[in-house]
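The values are calculated or read from the model by the stated rules, or taken from the named source; none is laboratory data. Just so you know, these numbers come straight off a predicted model, no measurement behind them. Counting neighbours? That spans all protein chains shown, and the Cβs are built from the backbone with ideal geometry, glycine included. Keep in mind that these areas ignore ligands, DNA and RNA; they rest on the heavy atoms of the full protein, side chains included. Shrake-Rupley method; radii C 1.70, N 1.55, O 1.52, S 1.80 Å.
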Amino acid sequence: MCVTLTRGLDARQVLSRYGADPARARPLDADAASDLLGDGGAGEVSLLRAGRIGDFAFCVEEEGAIGIEDDVLAKLSLGTETWGVSATDGMEVFQHWRDGECVEYFEPGMEHTRAPQPGPWWDRVQEALLTPGYEDLGMAPVVVDILDHLGVTLDDTTLAGPWPTLMLPLDDRPAEPLGDSYAGEGPVPPHVVVRWD
(Lines give C-alpha, C1' and ligand atoms only; values in the text may rest on other atoms or scores of the structure.)
Protein backbone atom coordinates (compact mmCIF):
# COMPACT_ATOMS: atom_id res chain seq x y z
CA MET A 1 0.00 0.00 0.00
CA CYS A 2 1.13 3.55 -0.74
CA VAL A 3 -0.27 6.74 0.77
CA THR A 4 0.46 10.24 -0.46
CA LEU A 5 -0.64 13.52 1.11
CA THR A 6 -0.38 16.72 -0.92
CA ARG A 7 -1.11 20.24 0.25
CA GLY A 8 -3.67 22.29 -1.68
CA LEU A 9 -4.80 19.85 -4.41
CA ASP A 10 -8.19 18.22 -4.86
CA ALA A 11 -8.94 14.58 -5.70
CA ARG A 12 -9.23 15.21 -9.45
CA GLN A 13 -5.85 16.94 -9.57
CA VAL A 14 -4.23 14.13 -7.59
CA LEU A 15 -5.61 11.40 -9.86
CA SER A 16 -4.51 13.35 -12.92
CA ARG A 17 -0.99 13.75 -11.56
CA TYR A 18 -0.87 9.99 -10.95
CA GLY A 19 -1.45 9.61 -14.69
CA ALA A 20 -5.10 8.57 -14.41
CA ASP A 21 -8.19 10.08 -16.03
CA PRO A 22 -10.18 11.62 -13.13
CA ALA A 23 -13.36 11.49 -15.25
CA ARG A 24 -13.28 7.69 -14.82
CA ALA A 25 -13.35 7.91 -11.00
CA ARG A 26 -16.49 6.82 -9.15
CA PRO A 27 -17.31 7.44 -5.49
CA LEU A 28 -16.94 4.00 -3.89
CA ASP A 29 -16.67 2.89 -0.29
CA ALA A 30 -13.78 0.67 0.80
CA ASP A 31 -15.65 -2.62 0.26
CA ALA A 32 -16.90 -1.71 -3.23
CA ALA A 33 -13.41 -0.47 -4.14
CA SER A 34 -11.83 -3.76 -3.05
CA ASP A 35 -14.40 -5.64 -5.13
CA LEU A 36 -12.97 -3.92 -8.23
CA LEU A 37 -9.84 -6.02 -7.85
CA GLY A 38 -11.93 -9.20 -8.13
CA ASP A 39 -9.91 -12.30 -8.90
CA GLY A 40 -6.94 -10.41 -10.32
CA GLY A 41 -7.94 -11.00 -13.94
CA ALA A 42 -7.56 -7.33 -14.84
CA GLY A 43 -3.79 -7.59 -15.30
CA GLU A 44 -1.44 -5.35 -13.36
CA VAL A 45 -3.39 -2.46 -11.88
CA SER A 46 -3.24 0.13 -9.15
CA LEU A 47 -6.42 0.77 -7.23
CA LEU A 48 -6.43 4.49 -6.43
CA ARG A 49 -8.74 6.14 -3.88
CA ALA A 50 -8.35 9.89 -3.52
CA GLY A 51 -10.00 12.70 -1.62
CA ARG A 52 -9.46 15.93 0.22
CA ILE A 53 -9.53 16.53 3.95
CA GLY A 54 -8.99 20.12 5.01
CA ASP A 55 -6.02 21.56 3.13
CA PHE A 56 -4.67 18.18 2.03
CA ALA A 57 -5.46 15.74 -0.73
CA PHE A 58 -4.72 12.09 -0.15
CA CYS A 59 -4.34 9.10 -2.39
CA VAL A 60 -4.37 5.58 -1.00
CA GLU A 61 -3.10 3.03 -3.47
CA GLU A 62 -3.66 -0.69 -3.26
CA GLU A 63 -2.31 -3.36 -5.60
CA GLY A 64 0.40 -1.17 -6.98
CA ALA A 65 3.23 1.13 -6.06
CA ILE A 66 3.24 4.00 -8.52
CA GLY A 67 2.87 6.41 -5.60
CA ILE A 68 6.57 5.96 -4.78
CA GLU A 69 7.81 6.66 -8.30
CA ASP A 70 9.90 9.78 -8.74
CA ASP A 71 7.92 11.07 -11.72
CA VAL A 72 4.58 10.76 -9.87
CA LEU A 73 5.90 12.42 -6.70
CA ALA A 74 7.52 15.18 -8.75
CA LYS A 75 4.20 15.89 -10.50
CA LEU A 76 2.21 15.68 -7.25
CA SER A 77 4.50 18.18 -5.53
CA LEU A 78 4.70 20.78 -8.33
CA GLY A 79 3.83 24.12 -6.78
CA THR A 80 3.24 22.48 -3.39
CA GLU A 81 4.60 19.63 -1.24
CA THR A 82 3.88 15.94 -0.91
CA TRP A 83 4.57 13.33 1.74
CA GLY A 84 4.61 9.69 0.67
CA VAL A 85 4.76 6.46 2.63
CA SER A 86 4.80 3.01 1.12
CA ALA A 87 5.10 -0.55 2.31
CA THR A 88 5.29 -2.87 -0.68
CA ASP A 89 7.11 -6.10 -1.45
CA GLY A 90 9.14 -5.95 1.75
CA MET A 91 10.34 -2.40 1.11
CA GLU A 92 9.22 0.48 3.31
CA VAL A 93 9.90 4.04 2.18
CA PHE A 94 9.28 7.58 3.43
CA GLN A 95 9.54 10.51 1.02
CA HIS A 96 8.98 14.25 1.26
CA TRP A 97 8.91 16.25 -1.97
CA ARG A 98 8.58 19.99 -2.53
CA ASP A 99 7.92 21.68 -5.88
CA GLY A 100 9.07 18.71 -7.96
CA GLU A 101 12.22 18.01 -5.93
CA CYS A 102 12.91 15.27 -3.38
CA VAL A 103 13.64 16.89 -0.02
CA GLU A 104 13.99 13.73 2.03
CA TYR A 105 14.03 10.00 1.23
CA PHE A 106 14.85 7.01 3.41
CA GLU A 107 13.78 3.54 4.37
CA PRO A 108 12.67 3.80 8.03
CA GLY A 109 14.82 1.78 10.36
CA MET A 110 17.50 1.25 7.70
CA GLU A 111 20.50 3.29 8.80
CA HIS A 112 22.29 2.86 5.44
CA THR A 113 19.56 4.95 3.73
CA ARG A 114 20.03 7.86 6.13
CA ALA A 115 21.39 10.98 4.42
CA PRO A 116 24.77 12.27 5.67
CA GLN A 117 22.87 15.28 6.98
CA PRO A 118 19.36 13.92 7.51
CA GLY A 119 16.34 16.17 7.27
CA PRO A 120 13.87 16.72 10.08
CA TRP A 121 11.78 13.65 9.26
CA TRP A 122 14.50 11.06 9.95
CA ASP A 123 14.32 11.54 13.74
CA ARG A 124 10.54 11.91 13.76
CA VAL A 125 10.04 8.66 11.85
CA GLN A 126 12.58 6.76 13.95
CA GLU A 127 10.80 7.92 17.13
CA ALA A 128 7.43 6.90 15.71
CA LEU A 129 8.73 3.41 14.95
CA LEU A 130 9.95 3.03 18.54
CA THR A 131 6.72 4.19 20.20
CA PRO A 132 5.73 1.57 22.80
CA GLY A 133 2.90 -0.60 21.53
CA TYR A 134 3.64 0.16 17.86
CA GLU A 135 6.69 -2.06 17.37
CA ASP A 136 4.93 -4.65 15.21
CA LEU A 137 2.72 -2.33 13.16
CA GLY A 138 5.11 -1.66 10.28
CA MET A 139 4.66 1.79 8.77
CA ALA A 140 1.37 2.53 10.55
CA PRO A 141 3.00 4.70 13.27
CA VAL A 142 4.85 6.66 10.59
CA VAL A 143 1.58 7.43 8.79
CA VAL A 144 -0.02 8.42 12.13
CA ASP A 145 2.88 10.79 12.86
CA ILE A 146 2.65 12.46 9.45
CA LEU A 147 -1.12 12.84 9.78
CA ASP A 148 -0.74 14.34 13.27
CA HIS A 149 1.93 16.74 12.00
CA LEU A 150 -0.30 17.86 9.12
CA GLY A 151 -3.48 17.96 11.22
CA VAL A 152 -5.28 15.44 9.01
CA THR A 153 -7.60 12.66 10.18
CA LEU A 154 -7.40 9.74 7.79
CA ASP A 155 -8.42 6.72 9.83
CA ASP A 156 -10.15 3.46 8.90
CA THR A 157 -13.59 4.99 9.46
CA THR A 158 -12.81 7.87 7.12
CA LEU A 159 -11.35 5.55 4.47
CA ALA A 160 -14.39 3.25 4.68
CA GLY A 161 -16.56 6.02 3.21
CA PRO A 162 -17.12 6.78 -0.47
CA TRP A 163 -14.15 8.45 -2.17
CA PRO A 164 -13.32 8.94 -5.86
CA THR A 165 -11.93 5.57 -6.93
CA LEU A 166 -10.51 4.07 -10.09
CA MET A 167 -8.28 1.31 -11.32
CA LEU A 168 -5.25 2.42 -13.30
CA PRO A 169 -3.99 -0.36 -15.60
CA LEU A 170 -0.23 -0.36 -15.32
CA ASP A 171 0.07 -2.02 -18.74
CA ASP A 172 -1.23 1.22 -20.31
CA ARG A 173 1.42 3.42 -18.71
CA PRO A 174 4.52 4.15 -20.79
CA ALA A 175 7.50 2.13 -19.60
CA GLU A 176 10.00 4.20 -17.67
CA PRO A 177 13.71 3.56 -18.14
CA LEU A 178 15.43 2.19 -15.03
CA GLY A 179 17.92 5.07 -14.92
CA ASP A 180 19.55 5.49 -11.52
CA SER A 181 17.44 2.97 -9.67
CA TYR A 182 18.13 -0.12 -7.63
CA ALA A 183 17.46 -2.21 -10.74
CA GLY A 184 13.80 -1.27 -10.60
CA GLU A 185 13.41 -1.92 -6.86
CA GLY A 186 12.66 1.70 -6.02
CA PRO A 187 14.00 5.23 -6.24
CA VAL A 188 17.53 6.02 -5.25
CA PRO A 189 17.85 8.31 -2.21
CA PRO A 190 19.15 11.75 -3.25
CA HIS A 191 22.45 11.24 -1.39
CA VAL A 192 23.31 7.82 -2.89
CA VAL A 193 25.54 7.45 -5.95
CA VAL A 194 24.80 4.36 -8.04
CA ARG A 195 27.51 2.86 -10.22
CA TRP A 196 26.74 0.12 -12.76
CA ASP A 197 30.38 -0.76 -13.60
- Query: How do 61-72, 102-113 rank on mean C-beta neighbours within 10 Å, highest first?
  - Reply: 61-72, 102-113
- How much net charge surrounds L5 when only other residues with a Cβ under 11 Å from its Cβ are counted (Lys, Arg +1; Asp, Glu -1)? 0
- Excluding ligands, DNA and RNA, what is the solvent-accessible area per residue of region 1-101 at a probe of 1.4 Å, expressed in Å²? 43 Å²
- Of the accessible area of region 30-158, with the probe set at 1.4 angstrom, what percent is carbon plus sulfur? 47 percent
- Task: Report the label-to-label distance for R98 and A140 in nanometres (one decimal), using points 7 Å from each Cα along the Cα→Cβ vector.
- Result: 3.2 nm
- What FRET efficiency would be calculated for the residue pair D31, D71, taking the C-beta separation as r and a Förster radius of 30 Å, to the nearest 0.05? 0.45
